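Q: The structure is given below, and queries will be raised subsequently.
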Amino acid sequence: SAGACNEEPACYVETFTNGNQGGRKMTFGPIYWRDRPNGEEFRMSWMAGEISSLTISGGCEEVILMDDDYCRSVDEDNGAWQLRDRNLDVRVNSLVNDLDNDVCRIKITVKKEWIRGLWRGVSGRGH
């Protein structure tokens, strides 16, 4: 890429079997807006019954964890995280009881472009 400032946002989610990003890890993504403007839904495979924490990259716009009981994209038991007002990663250190070890799918959507004037990524470097 021509320079860090022009890098397009990448959305990926790292999921973990233990709280606080511990245990075994499974990554979903990255996806990019040019390929997946409507986001992408992933089956959780073996992680479905194991997930206890996650990290969401700052390039995501929204992440939805679909509760295994109904597995619908709109359901009160789902977990949803919005990153429309930030470029920094989000660490979700634990999940509410309904979702802990009980997620069927993950839906991720990616930002079209970084939010101007805000730090990006994990450490805030590469502004």
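The values are calculated or read from the model by the stated rules, or taken from the named source; none is laboratory data. Here the structure is a predicted model, which means the values were calculated and not measured. All Cβ positions, even for glycine, are placed from backbone atoms using ideal geometry, and neighbour counts span all protein chains on display. The area values use the complete protein model at the heavy-atom level, side chains included, leaving out ligands, DNA and RNA. Shrake-Rupley method; radii C 1.70, N 1.55, O 1.52, S 1.80 Å.
Q: Look at Gly117 and say whether it is open to solvent by 60 Å² or more (accessible area, probe 1.4 Å), on the phi > 0 side of the Ramachandran plot and not basic (Lys, Arg). Give the steps one after another, and end with the answer.
A: On the way: open to solvent by 60 Å² or more (accessible area, probe 1.4 Å): yes; on the phi > 0 side of the Ramachandran plot: yes; not basic (Lys, Arg): yes.
Here the answer is yes, as Gly117 does meet what is asked.
Q: For region 38-68, what are the residues that are more than 15 Å from the chain's Cα centre (by Cα) and loosely packed, with under 13 Cβ neighbours inside 10 Å?
A: Answer for region 38-68, where residues must be more than 15 Å from the chain's Cα centre (by Cα) and loosely packed, with under 13 Cβ neighbours inside 10 Å: Ser45, Trp46.
Q: Now for a separate question. From the set of residues in region 24-37 that are of a type in the set (D, E, K, R) and without any contact (Cβ under 8 Å) to a residue 40 or more places away in the chain, which is least open to solvent (accessible area, probe 1.4 Å)?
A: So in region 24-37, the residues of a type in the set (D, E, K, R) come out as 24-25, 34-36.
Then keep just the ones that are without any contact (Cβ under 8 Å) to a residue 40 or more places away in the chain; that gives 24-25, 34-35.
On the way: Arg24: 139, Lys25: 109, Arg34: 146, Asp35: 84 Å².
Only one residue tops the list, namely Asp35.
Q: Out of all the residues in region 79-100, which are polar (S, T, N, Q), outside any strand (DSSP E or B) and either free of Cβ contacts under 8 Å to residues at least 40 places away in the same chain or on the phi > 0 side of the Ramachandran plot (or both)? Spell out how you get there, then give the answer.
A: Keep residues of region 79-100 that are polar (S, T, N, Q), which gives 82, 87, 93-94, 97.
Cutting the leftovers down to outside any strand (DSSP E or B) gives us 93-94, 97.
Correct list: Asn97 only.
Q: If you don't mind, another one. Assess whether Gly23 counts as being over 16 Å from Asp102 (Cα atoms) and not in a loop (DSSP other than H, G, I, E, B).
A: On the way: over 16 Å from Asp102 (Cα atoms): yes; not in a loop (DSSP other than H, G, I, E, B): yes.
Judged against the criteria, Gly23 is a match.
Q: Right, something else. If you check Val96 against the conditions, is it open to solvent by 60 Å² or more (accessible area, probe 1.4 Å) and β-branched (Val, Ile, Thr)? Outline the logic, then answer.
A: Details: open to solvent by 60 Å² or more (accessible area, probe 1.4 Å): yes; β-branched (Val, Ile, Thr): yes.
Criteria met by Val96.
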